[in-house]
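A quick write-up on the structure given underneath.
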Amino acid sequence: MATIPLLLADGTTKYFLVGGTGTTLDPYITHNNISSGTVDIGSSVSLNALPSGSNMVGGIMDAGFFYTPTLKHVGVTTSANTPFDVTDAPPAGQTSVILDIMLSVNTNCLLLLQDNAATPNVYLGAYLTANQGVNMIVPRGLITCKAADKKFQLVTSTASVAVRATVNYYNKA
């Protein structure tokens, strides 16, 4: 049970109770057992009807992620200019969104992130150094595929590059 102050137009403060007392259960606003100097707001008002997908009413915490992320790990030895998939195809009508990418290579190369459209859109490029550990690509914004139903791919500028990639992504309608 909580007592919440209410400042009235005449400058006085009254209080109302939030929580169950007697015949009501939380989370209800109730008028039962209100002492003098409080505002009677009427009979119990249910707060159970929340917006779809929400579990919060005026809280300071959110209800969690709005998406379900997928981690995909790919390890390939490439041919020059031959793309390979780093995400799965999204459900029909949806697009993929990349949150971050971890990369490592065994040969110096230029690596491009593109989609698998007939004429690929290039989203980013990075020069990677051989055997330098993990390269993290964490864009300040999300990398959203420009076309629905397309996968993201990586392509290298050099043949016979061993690439290891882990991509954190989700699909959206």
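What follows draws every value from the coordinates through simple rules; no lab data is involved. Just so we're clear, the structure is a prediction, and the values are computed from it rather than from any experiment. Ideal geometry is used to build each Cβ from the backbone, glycine not excepted, and the neighbour counts take in all protein chains shown.
Please compute the length gained on full extension between residue 71 and residue 85, using 0.36 nm multiplied by the number of residues separating them and subtracting their Cα-Cα distance.
3.7 nm
Report the dimensions of segment 70-172 along its three principal axes from the alpha-carbon atoms, largest first, rounded to Å.
Result for segment 70-172: principal-axis Cα extents of 38, 26, 20 Å.
Which net charge results for the neighbourhood of residue 116, defined as the other residues with beta-carbon distances under 9 angstrom from its beta-carbon, given Lys and Arg at +1 and Asp and Glu at -1?
Here the count lands on 0.
Work through the residues other than residue 150 whose Cβ is under 12 Å from its Cβ and net out their charges, Lys, Arg +1 and Asp, Glu -1.
-2
Using the per-residue mean of other Cβ atoms lying within 10 Å as a proxy for protection, in what order, highest first, do the peptides 121-133, 96-108 fall?
The packing order, highest mean first, is 96-108, 121-133.
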